[in-house]
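Working notes for the structure below.
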Amino acid sequence: MDKNKGYTTARMLIDGKLVESSDGGWLESIDPADETPLGRAPSGSAADVAAAVDAAGRAQPAWAALPVAERVEYIRKLAAGITQRAEEFARIEVLDTGNTIGPMRKDVTTAVDRMLFYCGLAYEIKGETFPGTTPNLHFTQRVPYGIVGRIIPFNHPIGFAASRLAPALITGNSIVIKPSEQSPLSAGLLGELCADLLPAGVVNIVTGGRETGEALVRHPRVKRIAFIGSAASGMAIQRAAAETSIKHVTLELGGKNPMVVFPDADLDKAADAAVQGMNFGWQGQSCGSTSRLLLHDSIHDDMLERVLTRIRRIKVGHPLDPSVKMGPMNSRGQYEKTLSYIRLGQEEGARLVLGGGRPQGEQFARGFWVEPTVFTGVDMSMRLARDEIFGPVLSVLRWRDPEEAVLMANAVDYGLTAAVWTRDLDSALRMAQRIDAGYIWVNGVGTHFRGVPYGGLKNSGIGREEGLEEMLSYTEIKVINILVK
């Protein structure tokens, strides 16, 4: 397929200017489909992070002093600018991440929808009054932290960068965004729009690797950090943040999410959901993927065959092809990690029933390609069942009674999402109440609903996003007491 991809050179955004790294460093981005050069972005240094924080600090007081309606209008203009360049964003994201074009187009439109949703929530940022202790009046105000740091993962670059800056800005903060070094190119487009549409310094974007992110987390003037990524990285961020100042840190981390299917479920719909929940359009590289399929013993074989039939139909190919449903892994690191877990699963005694290698064909000779992969005979003693692989690998497990299913569902360190499939409401509610997860679907999977808080329990994170809770998390509560004479 002729991609006509060219070569993209992105710039960082600091104090309203599109700039290169102060020390001349660059991140090289390659196309995961064929390992050819795709573009580059600056490798921001600690000095660049400091400059971005300084710019954010200078801009924030005037930004917070604006009426909320004016801040909202700026966000609406930015959302309109993203919409005008939606296909450009989607295309560069496909090439940079390996994710397929359909989901990436949806990522852009979803980001805009969330930005506008937060605009509508702006007037919910309000305080409370409390019963007076005569002759006193007590009330609270919600005030911005000041400078916010936001670290973006590789799988939804513009989707998270654009939508997550909205609540931070609407509440009166300025922000420094650090995109993933594995997919940094769309951040250059976002920087161009912010430079044109927003006051200088309100949004700053610093690309770079782990050192860049650590400099942002450790900066003592950044009082609020938000991160989406792996549990290991989340723990590292908590440690680093605590070493320089007291910060409010929220984390949306990984998952090893179960989908529990009861014998009375609609098996065709459940099989569709099992495939949908694996997020093959992202190659399984999504925190909420239901990568553990827990099937009741009486329907195991029937349900398994339905799922395998559907997965065999998944077309793997170049992600810019609209008919393709799965592209390459994002990076060599993700590719090698996934293959290592496939080998480990076989060594542990699980049965590889589908995939497990590189697809056949000349177009797959280079690049980070892994077939959709399914293991059966998996039990909770295996790392295949406990570790987040973040790849297109589905583990199928058997259960015989609901108590066993609950124990299996909860026998991991994660608790992000879960899905329960049954026609019996009592069974559904009992299971949903007992599974340790922050977001549980009943007879559904994968869908995020506008305004519904999203986040995890256990090592899947702390804090909630996508609703009013996220907006409020960018504010602190100030109490004022007035003596009334």
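The values are calculated or read from the model by the stated rules, or taken from the named source; none is laboratory data. This structure is a prediction, so every number in the text was calculated from the model and none was measured. Note: ideal-geometry Cβ built from the backbone for every residue, glycine included; neighbour counts use all protein chains shown.
Only one of these is closer than 20 Å to Val275 by Cα and either assigned by TED's automatic domain parsing to the domain that holds Asp96 or in contact with a helix residue (DSSP H, G or I) (Cβ under 6 Å, 6 or more places away or on another chain) (or both): Arg306, Arg312. Name it.
Step by step, each of Arg306, Arg312 is checked, and only Arg306 is closer than 20 Å to Val275 by Cα and either assigned by TED's automatic domain parsing to the domain that holds Asp96 or in contact with a helix residue (DSSP H, G or I) (Cβ under 6 Å, 6 or more places away or on another chain) (or both).
What about Ala265, is it over 19 Å from the mean Cα position of the chain (by Cα) and either in a loop (DSSP other than H, G, I, E, B) or aromatic (Phe, Trp, Tyr) (or both)?
For Ala265, the condition - over 19 Å from the mean Cα position of the chain (by Cα) and either in a loop (DSSP other than H, G, I, E, B) or aromatic (Phe, Trp, Tyr) (or both) - is met.
Based on what the data block shows, is Arg164 surrounded by fewer than 19 Cβ atoms within 10 Å (Cβ to Cβ), touching a strand residue (DSSP E or B) at 6+ places or on another chain (Cβ under 7 Å) and either among the polar types (S, T, N, Q) or touching a residue at least 40 places away in the same chain (Cβ under 8 Å) (or both)?
When the stated conditions are applied, Arg164 does not pass them.
For residues that are within 18 Å of Arg164 (Cα to Cα) and not β-branched (Val, Ile, Thr), tally how many sit in the range 83-102.
The qualifying residues number 4.
Check Gly281, Gly208, Gly254 and return the single one that is at pLDDT below 95 and part of a loop (DSSP other than H, G, I, E, B).
Gly254
If you go through the range 359-376 one residue at a time, how many are among the aliphatic types (A, V, I, L, M), surrounded by fewer than 16 Cβ atoms within 10 Å (Cβ to Cβ) and not in a loop (DSSP other than H, G, I, E, B)?
0
Give just the number: which of (1) buried (at least 16 other Cβ atoms within 10 Å of the Cβ); (2) within 25 Å of the chain's Cα centre (by Cα); (3) touching a residue at least 12 places away in the same chain (Cβ under 8 Å); (4) within 24 Å of Thr97 (Cβ to Cβ) does Glu20 not satisfy?
(2)
Between a first residue in the range 23-50 that is touching a residue at least 24 places away in the same chain (Cβ under 8 Å) and assigned by TED's automatic domain parsing to the domain that holds Gly208 and a second residue that is acidic (Asp, Glu) and part of a loop (DSSP other than H, G, I, E, B), which pairs have beta carbons less than 6 Å apart while being 6 or more apart in sequence or on different chains?
Close Cβ pairs satisfying both conditions: Leu27/Glu181; Leu38/Asp31; Pro42/Glu20; Ser45/Asp23.
Of the residues Ala80, Ala65, only one is within 17 Å of Ala161 (Cα to Cα) and either without any contact (Cβ under 8 Å) to a residue 12 or more places away in the chain or surrounded by fewer than 22 Cβ atoms within 10 Å (Cβ to Cβ) (or both); which?
Exactly one of Ala80, Ala65 is within 17 Å of Ala161 (Cα to Cα) and either without any contact (Cβ under 8 Å) to a residue 12 or more places away in the chain or surrounded by fewer than 22 Cβ atoms within 10 Å (Cβ to Cβ) (or both), namely Ala80.
Just wondering, is there one or more residues in the range 461-477 that are hydrophobic (A, V, I, L, M, F, W, C), over 30 Å from Ala64 (Cα atoms) and in contact (Cβ under 8 Å) with a residue 40 or more places away in the chain?
no
Pick out the one residue from Ala195, Ala231, Ala226 that is more than 28 Å from Ala62 (Cβ to Cβ), among the hydrophobic types (A, V, I, L, M, F, W, C) and touching a residue at least 24 places away in the same chain (Cβ under 8 Å).
Ala231
Looking only at the range 222-238, decide whether some residue is modelled with pLDDT of 95 or more, over 30 Å from Val393 (Cβ atoms), outside any helix (DSSP H, G or I) and charged (D, E, K, R).
Scanning the range 222-238 turns up at least one residue that is modelled with pLDDT of 95 or more, over 30 Å from Val393 (Cβ atoms), outside any helix (DSSP H, G or I) and charged (D, E, K, R).
In this structure, does Gly345 turn out to be over 14 Å from Phe280 (Cβ atoms) and buried (at least 21 other Cβ atoms within 10 Å of the Cβ)?
yes
Of everything in the range 198-223 that's among the basic types (Lys, Arg) and without any contact (Cβ under 8 Å) to a residue 40 or more places away in the chain, which residue is nearest to His156 (Cα to Cα)?
The residue in question is Arg210.
Among the residues that make up the range 393-415, is at least one of them in contact with a helix residue (DSSP H, G or I) (Cβ under 6 Å, 6 or more places away or on another chain), of a type in the set (Ser, Thr, Tyr) and in contact (Cβ under 8 Å) with a residue 40 or more places away in the chain?
Checking the range 393-415: at least one residue is in contact with a helix residue (DSSP H, G or I) (Cβ under 6 Å, 6 or more places away or on another chain), of a type in the set (Ser, Thr, Tyr) and in contact (Cβ under 8 Å) with a residue 40 or more places away in the chain.
Tell me whether the range 99-106 contains one or more residues that are surrounded by 20 or more Cβ atoms within 10 Å (Cβ to Cβ), over 17 Å from Gly201 (Cα atoms) and hydroxyl-bearing (Ser, Thr, Tyr).
Checked the range 99-106: at least one residue is surrounded by 20 or more Cβ atoms within 10 Å (Cβ to Cβ), over 17 Å from Gly201 (Cα atoms) and hydroxyl-bearing (Ser, Thr, Tyr).
So if I check each of Arg40, Arg76, which one is outside any helix (DSSP H, G or I), modelled with pLDDT of 95 or more and under 19 Å from Ile158 (Cβ atoms)?
The match here is Arg40.
Is it the case that Gly356 is at pLDDT 95 or above, touching a strand residue (DSSP E or B) at 6+ places or on another chain (Cβ under 6 Å) and either within 14 Å of Thr290 (Cα to Cα) or in the same structural domain as Ala90 (by TED's automatic domain parsing) (or both)?
For Gly356, the condition - at pLDDT 95 or above, touching a strand residue (DSSP E or B) at 6+ places or on another chain (Cβ under 6 Å) and either within 14 Å of Thr290 (Cα to Cα) or in the same structural domain as Ala90 (by TED's automatic domain parsing) (or both) - is not met.
Residues checked against (1) surrounded by 24 or more Cβ atoms within 10 Å (Cβ to Cβ); (2) farther than 20 Å from Gly25 by Cα:
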position	(1), (2)
Thr171	yes, yes
Leu189	no, no
Leu198	no, yes
Ile205	yes, no
Thr212	yes, no
Lys223	no, yes
